[in-house]
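Let me begin by presenting the structure, written as structure tokens, before commenting on it.
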Amino acid sequence: MPTPTNLEILQGRPEITYPTQWEYRIITTDTQALQAYIQTLISKPYSLECKNTSKEGRFTSLHLKTIVENQEMRDTLYTKLTGLDCVKMVI
């Protein structure tokens, strides 16, 4: 049997076992507003780290890590984060 290539291994959805720690990378124009919103959004322990700021200082990249219980919780957090006016992108 031939060995699968990296592309063949990566096809399809990855298998995620819940609960799991999940990381969101967030680009924002207002770090303080985002921090305040996250405090009201997440009741579980989480960490929020500032990673980078754009050259002009308009955008900041933050990494949010928290435990998600299931796919629905993961997707809900993503949707709520992307709905905030000061958030430009969530990865």
Of the criteria (1) open to solvent by less than 60 Å² (accessible area, probe 1.4 Å); (2) modelled with pLDDT under 95, which one P2 fails: (1)
Would you pick out the residues in the range 65-77 that are surrounded by 16 or more Cβ atoms within 10 Å (Cβ to Cβ) and within 10 Å of the chain's Cα centre (by Cα)? T66, R74, L77
Kindly indicate whether T82 is touching a strand residue (DSSP E or B) at 6+ places or on another chain (Cβ under 8 Å) and at pLDDT 95 or above. yes
Considering the range 25-39, residues that are closer than 18 Å to T76 by Cβ and surrounded by 14 or more Cβ atoms within 10 Å (Cβ to Cβ), and then whichever is nearest to the chain's Cα centre (by Cα), we arrive at I26
Can we say L62 is open to solvent by less than 50 Å² (accessible area, probe 1.4 Å), of a type in the set (A, V, I, L, M, F, W, C), touching a Ser or Thr at 6+ places or on another chain (Cβ under 7 Å) and not in a helix (DSSP H, G or I)? yes
Quick check on the range 83-91. Is at least one of its residues open to solvent by 70 Å² or more (accessible area, probe 1.4 Å) and part of a strand (DSSP E or B)? yes
Is it true that I42 is in contact with a Ser or Thr (Cβ under 7 Å, 6 or more places away or on another chain), surrounded by 10 or more Cβ atoms within 10 Å (Cβ to Cβ), modelled with pLDDT of 95 or more and within 18 Å of D75 (Cβ to Cβ)? yes
Can you pull out the residues in the range 27-59 that are of a type in the set (S, T, N, Q) and assigned to a loop (DSSP other than H, G, I, E, B)? T29, S43, S54
Test: S47 is under 21 Å from the mean Cα position of the chain (by Cα), surrounded by 10 or more Cβ atoms within 10 Å (Cβ to Cβ) and at pLDDT below 95: no
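The values are calculated or read from the model by the stated rules, or taken from the named source; none is laboratory data. Just so it is clear, the model here is predicted, and its values are computed rather than measured. Counting neighbours? That spans all protein chains shown, and the Cβs are built from the backbone with ideal geometry, glycine included. Note: areas computed on protein heavy atoms with side chains; ligands, DNA, RNA excluded. Shrake-Rupley method; radii C 1.70, N 1.55, O 1.52, S 1.80 Å.
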